[in-house]
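Heads up: the structure comes next, in structure tokens.
The values are calculated or read from the model by the stated rules, or taken from the named source; none is laboratory data. Owing to the predicted nature of the structure, the values given are computational and were not obtained by experimental measurement. No Cβ is skipped: glycine too gets one built from the backbone with ideal geometry, and neighbour counts run over all protein chains shown. Please note that ligands, DNA and RNA were not included when accessible areas were found on the heavy atoms of the full protein model with its side chains. Shrake-Rupley method; radii C 1.70, N 1.55, O 1.52, S 1.80 Å.
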Amino acid sequence: KVLKENSLNDVNLLEIYHKMYLTLDESATFEDYLNFRNSFFNNRDSLGKNEQYIITTLMVNVLFYKHLKDRTKYDKELFEAFKILISLYEYSGDKYLRAVVYSSVLRLAIQFREFEWTEKYIEEYSKKLEPDHRDNMFYYSNAFLSFAKGQFEKCLQYAAKVNFNTFQMKYYLRDLQLCAHYELSHFESALSLIDAYKH
């Protein structure tokens, strides 16, 4: 209040961090988070891109912790925060987009059935991953998206292009293939896949 009354510089930035600090408290409510979010959105244009990236990273971390306790309230907020985070990723200092961030955004986008947005996301952001992972993640992402859209044959076609030997998320891929075979009533293929899973 004193800072506002004296019109000191950076009061908006301090307000954002103060509201974030209150949100980090164990007893913080959803309203506390909304106050933090609104403070950031209202003052975002006055901040540099690096500062925006740092604050958005902290926002994602807060939301990720909160969503573990209450997904119904926080999942959509987490997705929206991730959207801002990836739009600022060039200010992260990382050479490549981290696979864990990429896949988290992908899962949330598909969860909320934002299929058109997801298609553009895969096309643009799979190219920002480490070169060794790009092709595999591109095919896996499209397989995952195709399954969500009910295109089970297409899902299996994309899944077949993934290099299983170098794919880090091979168990997710097996699960996806198994679900697609089940949906298509390919029960022999599903049983064969289950047997391979056992081995």
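Looking at Lys73, Lys69, can you tell me which residue is within 28 Å of Phe112 (Cα to Cα), in contact with a Phe, Trp or Tyr (Cβ under 8 Å, 6 or more places away or on another chain) and open to solvent by 50 Å² or more (accessible area, probe 1.4 Å)?
Lys73
Could you tell me which of the residues Arg113, Arg98 is open to solvent by 70 Å² or more (accessible area, probe 1.4 Å), closer than 20 Å to Thr56 by Cα, within 15 Å of the chain's Cα centre (by Cα) and not hydrophobic (A, V, I, L, M, F, W, C)?
Arg98
Looking at Ala148, is it open to solvent by less than 20 Å² (accessible area, probe 1.4 Å) and not basic (Lys, Arg)?
Spelling it out, it is not the case that Ala148 is open to solvent by less than 20 Å² (accessible area, probe 1.4 Å) and not basic (Lys, Arg).
For the list (1) closer than 29 Å to Ile84 by Cα; (2) at pLDDT 95 or above; (3) open to solvent by 70 Å² or more (accessible area, probe 1.4 Å); (4) among the hydroxyl-bearing types (Ser, Thr, Tyr), I need the number of the one condition that Tyr182 fails.
(1)
Would you pick out the residues in the stretch 79-112 that are touching a Lys or Arg at 6+ places or on another chain (Cβ under 9 Å), of a type outside the set (Gly, Ala, Ser) and part of a loop (DSSP other than H, G, I, E, B)?
Across the stretch 79-112, the qualifying residues are Leu88, Tyr96, Leu97, Phe112.
When the stretch 31-60 is examined, which residues are found to be out of contact with any Phe, Trp or Tyr (no Cβ under 7 Å at 6 or more places or on another chain), surrounded by fewer than 13 Cβ atoms within 10 Å (Cβ to Cβ) and in a helix (DSSP H, G or I)?
Result: Glu31, Asn38, Phe41, Asn42, Asp45, Ser46.
Consider Ile122 against the criteria (1) of a type in the set (Val, Ile, Thr); (2) open to solvent by 30 Å² or more (accessible area, probe 1.4 Å); (3) in contact with a Ser or Thr (Cβ under 9 Å, 6 or more places away or on another chain): it satisfies all of them except one. Which criterion is unmet?
(2)
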